[in-house]
Structure formats: C-alpha cells, structure tokens
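Everything on this sheet refers to the single structure shown next.
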Amino acid sequence: MTSTLAQNMNQSVFVGRQAIFDRQSEVFGYELLYRDGQANRAEIVDGDEATARVMVNTFLELGIDQLAGTAQAFINLTGNFFLSHNYEVLPTKNVVLEVLESIEPTPLILEALARARKHGYQIALDDFVVRDSHQALLEVADFVKVDILALTNQQLCEQIQMLKRYPVRLLAEKVEDQDVFKMCHELGFEYFQGYFFCKPQIVEGVKLSSNRMAIVLLLVKLQDPDIQIKDLENLVKNDLSLSLKLLRYVNSASVGLPRAVDSIAQAVGMVGTERMRQWASLLVLANTGGKPRELMRIALIRGGMCQELSRLQGVSSSQGFTVGLFSVLDAYFDCEIKQLLKDLPLSSEIRHALIEKEGILGEILSCVIHYERGEWNQIECSRFESHVLRDVYFQSAEWANEVINTLGGG
C-alpha cells in the first residue's frame, strides 16, 4: 500500500458491513466494521477513537437506514464505551452492541451491560468461549458469536452443549462454505456469518443443465455493449415473464416516465439501451430461484461499484458492470467460475478479471470485494482515494436497495 493511500484511509473511516443470515437464509443483520484504513486489526489503532469515528460516520454522516435498513446493526464496542454509556446516543430499535473478546467481565462491566439491556439494547458476545472466568457474561447476553474456525468439531459440540443452558441465541462466525453452513445449521445455530453465500456448492467439473446454461448465455448476450435496440427487444420478448416485469419496472414511480409504456420497444426507446440491458440482466438473475436475496444485493453493489470505478479510470463502464455482476455467478449457478466461463463468448479482459483478477478490471473487482469485506489492508488500488471508494459503495448500496424494492425482493 502506498503512503498516499494509507494517509487517505487514515483521514476517513471506511464503514464496511458483513451480512448475518437466519436459518431461512434471509438477512437478519449486518456487522458494521469499524477498523481504520491502515490495517484489518482493531488493536493497531485506539479502539475508543475508532469506535467513535464509525458511530459518527454510520449514524450521522451516512445514516443507519442506508447501511442496514430494517435489519439489526451489530457494532463492536470497547469496555470504555460501555462504562461511559456513550453508546446511549445510538437507537435501541435495531442496534446490537458487541462485547469484544478482550473485555474482562469485571463487576463494573457486568453492571454496565445490565444497564444497556435495561435501556433496550441487545448484547452480543464476540468470539466467545465458555470458561469459568467469563460465564457471568452469559447472564447479560442475548447473542453469542462462536468462531467456527477456532474450534475442533468436538470442542464446538461441547461449547454448544454448555451454551444451551443459557437463554442466548447462537451465531456461527466465519462460515466459509456450504458444508460448514449445513453442519452449523444441524447443530442448532440460529444465525450465520461468513462468505459462504458467495461460493459455489458444487466443485469444478460439474456441467450446467441446458436450462441454466441458456440463462447464462442470455446474461452474456445482454452484457454486449454493442447490442442494438432491436436485438435487446427480441431477447426480452422471448421470455414472457421477463417482458412483463420489465414493463412493470418502466411504469413504476421510481423510473418516472411521462406516460405509460405498453411495449418493450417503447420501453427500450424511452429508458435507454444501457439501463434496459442492466435491468433485464438483473431480472434474469432474480428468476434463477433458490438463492438468498442478499446474493442479489451483493451482485448489484459489486456491479454498481465496478461500473462507476471503471468510468473514473476511463475504461469501459459496461465491462465494469459485467465483471461486478458476473463475480457472483459461481454462487448463483453452483459451479466454479473457471468452469462456468469456459465456453462463454466473453472478452479476454472480462475473463481474466473474473478468473485471475488480472488487468485494470481485475484490480477494480479485487478492490470492490476487499472493501465489501472490510479487508482494508488488502486494498492495493492506490488509484482510488478512500472517500471515493466510500461514496461509490454507498451510492451502489442505495441503488441496490431501490432495485430490490422494485423487484419485490427478488
């Protein structure tokens, strides 16, 4: 990381988020990341200052509605914040206060946590392991977050048995793949956090069904920046469901056209090829079925970010959108991305970006994914200043929410 980027990151707080899912694979909440721009370890900076900065940026500058909507917002707090009661500026409705694993359960801390719950806040114990010296924390907690990777299977089962003696809800952290998700689901965890929704369930070598391949091919055709209005019209008209949904979209209040539109040709002509191409692509993804809507949200945010960052770098924004959107196709179609793209007519730039993260598009995609995950120390895109990444992220997140609302939740 260059010194310029490090300096820029230190001057503004990145607020990342990671989704927390329930047993039905619906979003229950988001953990809001408060690390600074220089490292992915909170102890490198002053914890109190970092917490204060993310609270200000989240609740005053950016807005909790934009970050979490109606979902629960999980926020890490230091011991000093609990003791000083400074957290009481936060709303109680959808905020969960996380107790860091480094906080010792002194009588003052336990009293502060009890006070927080009395005021209506929910308490989560982060990276918690049951041991005699910390069991008192379980009496004042609502959630217990368990680091799956830090325990053997036997240790995990033992921890769960002990935790079930208390009225707490269990949240599995660092659930990295579908097998671990299924295991945690069977063990009785109520909530799950990790990157498993963005990874395929089936290993490389599995061939897509003809129906799914037809969907992927349609997506590829829709991404062609040189597609003509007539070609786009024909692609859309071949799918009745897609046609009806597109007409519903262009006639919605969010588009705000001056008069009603009753044909695909009119819709394309009035909204524009670029916007119609994007929306048709999103509707195709929305109809794949069987996937959590958060995956759709991730696809939209990545597509929007890559599109705008590509434009800022003077490269094809259309290709940028395609790279961002296609970066989740492996999870959508349960097939490794290399296998999925093998026979698709995509440009070498898009292919290298998606498979190898190479070229300017690959660099942009890597930057977007690291930002999404709060991996600040991995962001090497020195060409982007921190405030640009932040603004583009929240613009894309806001757009994603509008799209999902228009689609009726996917």
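What to note about this one:
- Residue satisfying all of: in the stretch 169-203; part of a loop (DSSP other than H, G, I, E, B) and either modelled with pLDDT of 95 or more or β-branched (V, I, T) (or both); nearest to the chain's Cα centre (by Cα) among these: V175
- Taking every residue in the stretch 140-161 that is assigned by TED's automatic domain parsing to the domain that holds Q72 and of a type in the set (G, A, S) and pairing it with any residue that is part of a loop (DSSP other than H, G, I, E, B) and at pLDDT 90 or above, at least 6 positions away or on another chain, the pairs with Cβ-Cβ distances below 6 Å are A141/V168.
- Taking the stretch 66-168 as the region of interest, the helices (runs of 4 or more DSSP H) fully inside it that hold 1 or more residues being under 16 Å from F189 (Cβ atoms), among the polar types (S, T, N, Q) and at pLDDT 90 or above are 153-163.
- Some residue of the stretch 344-366 being among the polar types (S, T, N, Q) and closer than 26 Å to W399 by Cα: yes
- Per-region count, the stretch 333-378, residues within 19 Å of Q313 (Cα to Cα) and among the acidic types (D, E): 3
- Unique residue being of a type in the set (G, A, S), surrounded by 20 or more Cβ atoms within 10 Å (Cβ to Cβ) and either in contact with a Leu (Cβ under 9 Å, 6 or more places away or on another chain) or within 19 Å of G194 (Cα to Cα) (or both) when the list is A136, A73: A73
- Every residue from the stretch 234-291 that is of a type in the set (S, T, N, Q), modelled with pLDDT under 70 and part of a loop (DSSP other than H, G, I, E, B): N238, S252, S254, N287, T288
- With respect to being crowded, with 18+ Cβ neighbours inside 10 Å and either more than 20 Å from the chain's Cα centre (by Cα) or assigned by TED's automatic domain parsing to the domain that holds Q18 (or both), E358 falls outside the description.
- Residues of the stretch 97-115 classified as surrounded by 19 or more Cβ atoms within 10 Å (Cβ to Cβ) and under 16 Å from L33 (Cα atoms), total: 3
- Filter result (surrounded by fewer than 20 Cβ atoms within 10 Å (Cβ to Cβ) and basic (K, R)) within the stretch 299-352: R311, K338, K342
The values are calculated or read from the model by the stated rules, or taken from the named source; none is laboratory data. Since we're looking at a predicted model, the values are computed, not measured. Glycine gets a Cβ as well: all are built from the backbone with ideal geometry, and neighbour counts include every protein chain shown.
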